[in-house]
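Colleague: Dumping the structure here so I can ask a few things about it.
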Amino acid sequence: MATGEHILEVNLGNFQEAVIALSQKTLVLVDFWAPWCGPCRALGPILEKLAEEMQGAFVLAKINSDENQELSQKYQVRGIPAVKAFKNGQVVDEFTGALPESAIRQFLEKHLPKPGDDLRAAAMDAMAQGKTAEAQALLEEALQQNPRNDQARLALAHLAIQQGQHAEAQAQIDAMSPLFQMETEVEGLKALLEFTAEARKAPPMPTLEATIAQEKGDARALAMYQRALVLLLQGQETAALDQLIEMVERHKNYEDGLARKTILKIFALHGNQGPMVEQYRTKLSRALY
């Protein structure tokens with residue numbers, strides 16, 4: 001087994017320093033292996049080659065699972081080779097078995113810093129301070145360095161929506177990789193753009209409320225939907241959700257469950273988690289069943 005600046009032999013005694021502490025600064029790839037394991041002997045040299053080739057982009061920590069049963073049990077190693085990626089002291093990804101070099105490179109690419117990430121981080125700080133022009137300039141520079149930096153595009157899409165530039169936000173989303181477009185936060189942005197477009201078609205609020213009070217069937221369902229979107233875009237999120245819950249109760253099957261689908265899209269705006277999401281997930285379940 002090769003060792004060196006980027007390849008460490010790790011055991012229970014130095015695990016805290018060599019993996020947990022070091023992963024606060026850089027990606028640490030932990031390889032659980034054993035001398036008798038054939039696939040381990042195939043995988044090990046590939047990992048070592050990549051560690052040396054990438055010259056510090058990540059550190060490879062080799063752990064003999066037979067000699068370190070406590071670590072194997074703690075990190076639920078059920079088969080070897082088992083490779084676990086550590087960042088900030090936590091396992092963020094893993095795989096089991098001997099993968100080909102191309103697959104390992106793809107695995108690493110998900111977790112290694114990308115060109116422009118430092119600029120994106122500075123842009124996020126600027127956004128938090130309300131310096132939108134500075135943030136936009138930094139994000140655009142990040143994309144010049146790396147047009148495939150989807151996180152930078154996501155931040156630019158957020159900025160565009162804040163400024164009412166919905167076509168620009170959609171353009172940034174369209175330029176993201178297909179896989180990244182499936183991320184929950186991106187799905188939320190898509191929903192927000194959809195809501196804005198639909199709300200523009202809505203009549204004035206008094207008209208919507210009169211329709212809801214006086215009409216029945218599809219006319220009332222459409223008015224309830226449009227009223228919910230207007231409320232949502234006015235920042236009255238709970239009122240919008242209450243309107244959609246009522247719509248589920250009264251018009252569950254309108255437009256193939258439009259109310260339910262809209263509620264789920266609002267959940268996506270919050271990353272599908274949080275107290276509000278849990279509260280209204282329960283309300284939605286009651287309304288449906």
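Colleague: Does the range 152-164 contain at least one residue that is at pLDDT 95 or above and exposed (fewer than 14 other Cβ atoms within 10 Å of the Cβ)?
Modeller: No, that holds for no residue.
Colleague: Scan the range 129-139 for residues that are surrounded by fewer than 14 Cβ atoms within 10 Å (Cβ to Cβ) and part of a helix (DSSP H, G or I) and report the count. Show your work before the answer.
Modeller: Of the range 129-139, the ones surrounded by fewer than 14 Cβ atoms within 10 Å (Cβ to Cβ) are 129-130, 133.
With part of a helix (DSSP H, G or I) added as a condition, the list becomes 133.
Looking only at that region, the number is 1.
Colleague: Being surrounded by 15 or more Cβ atoms within 10 Å (Cβ to Cβ) and within 33 Å of the chain's Cα centre (by Cα) is the requirement here; does residue 29 meet it? I'd like the intermediate steps shown before the answer.
Modeller: Numbers: surrounded by 15 or more Cβ atoms within 10 Å (Cβ to Cβ): yes; within 33 Å of the chain's Cα centre (by Cα): yes.
Against the criterion (surrounded by 15 or more Cβ atoms within 10 Å (Cβ to Cβ) and within 33 Å of the chain's Cα centre (by Cα)), residue 29 qualifies.
Colleague: For residues that are assigned to a loop (DSSP other than H, G, I, E, B), within 21 Å of residue 207 (Cα to Cα) and open to solvent by 80 Å² or more (accessible area, probe 1.4 Å), tally how many sit in the range 246-272. Step through it out loud before you land on a result.
Modeller: At the first step, the residues of the range 246-272 found to be assigned to a loop (DSSP other than H, G, I, E, B) are 251-257, 270-272.
Filter again for within 21 Å of residue 207 (Cα to Cα), leaving 251, 254.
From what is left, the residues that are open to solvent by 80 Å² or more (accessible area, probe 1.4 Å) are none.
Looking only at that region, the number is 0.
Colleague: Among the listed residues 209, 198, 185, identify the single one that is modelled with pLDDT under 90 and under 21 Å from residue 237 (Cβ atoms). Steps first, please.
Modeller: On the way: 209 fails: modelled with pLDDT under 90; 198 fails: modelled with pLDDT under 90.
Result: 185 is the single residue among 209, 198, 185 that is modelled with pLDDT under 90 and under 21 Å from residue 237 (Cβ atoms).
Colleague: Count, please, the residues in the range 174-199 that happen to be part of a helix (DSSP H, G or I) and surrounded by 15 or more Cβ atoms within 10 Å (Cβ to Cβ).
Modeller: Narrowing the range 174-199 to residues part of a helix (DSSP H, G or I): 174-175, 180-182, 184-199.
This time we only want the ones that are surrounded by 15 or more Cβ atoms within 10 Å (Cβ to Cβ), so: 175, 180-181, 185-193, 195-196, 198-199.
The number of residues fulfilling the criteria is 16.
Colleague: Another question, then. Which pairs turn up if I take residues in the range 149-167 that are on the phi > 0 side of the Ramachandran plot and assigned to a helix (DSSP H, G or I) and look for partners that are surrounded by fewer than 18 Cβ atoms within 10 Å (Cβ to Cβ) and basic (Lys, Arg) with beta carbon separation below 6 Å, at least 6 apart in sequence or on another chain?
Modeller: Taking only residues 6 or more apart or on different chains, not a single pair turns up.
So that you can scan it fast, the table gives a plain yes or no per residue for (1) among the acidic types (Asp, Glu); (2) out of contact with any Asp or Glu (no Cβ under 8 Å at 6 or more places or on another chain):
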{"site": "12", "(1), (2)": "no, no"}
{"site": "33", "(1), (2)": "no, yes"}
{"site": "42", "(1), (2)": "no, yes"}
{"site": "70", "(1), (2)": "yes, yes"}
{"site": "78", "(1), (2)": "no, yes"}
{"site": "89", "(1), (2)": "no, yes"}
{"site": "92", "(1), (2)": "no, yes"}
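Colleague: What residue, of 83, 92, 59, is without any contact (Cβ under 8 Å) to a residue 60 or more places away in the chain, β-branched (Val, Ile, Thr) and more than 16 Å from residue 43 (Cα to Cα)? Explain how you work it out, then say what you get.
Modeller: Values: 83 fails: more than 16 Å from residue 43 (Cα to Cα); 59 fails: more than 16 Å from residue 43 (Cα to Cα).
92 is the lone residue from the list that is without any contact (Cβ under 8 Å) to a residue 60 or more places away in the chain, β-branched (Val, Ile, Thr) and more than 16 Å from residue 43 (Cα to Cα).
Colleague: Between 243, 226, which is open to solvent by less than 40 Å² (accessible area, probe 1.4 Å), in contact with a Pro (Cβ under 8 Å, 6 or more places away or on another chain) and in a helix (DSSP H, G or I)? Full working, then the answer.
Modeller: Values: 243 fails: in contact with a Pro (Cβ under 8 Å, 6 or more places away or on another chain).
None of the other options fit; the residue is 226.
Colleague: Further, regarding this structure: Which residue out of 53, 5, 94 is surrounded by 13 or more Cβ atoms within 10 Å (Cβ to Cβ) and modelled with pLDDT under 95?
Modeller: On the way: 53 fails: surrounded by 13 or more Cβ atoms within 10 Å (Cβ to Cβ); 5 fails: surrounded by 13 or more Cβ atoms within 10 Å (Cβ to Cβ).
Exactly one of 53, 5, 94 is surrounded by 13 or more Cβ atoms within 10 Å (Cβ to Cβ) and modelled with pLDDT under 95, namely 94.
The values are calculated or read from the model by the stated rules, or taken from the named source; none is laboratory data. Please read all numbers here as calculations on a predicted model, not as lab measurements. Cβ: placed from backbone, ideal geometry, glycine included. Neighbour counts: every protein chain shown. These accessible areas exclude ligands, DNA and RNA; they are computed on the full protein's heavy atoms, side chains included. Shrake-Rupley method; radii C 1.70, N 1.55, O 1.52, S 1.80 Å.
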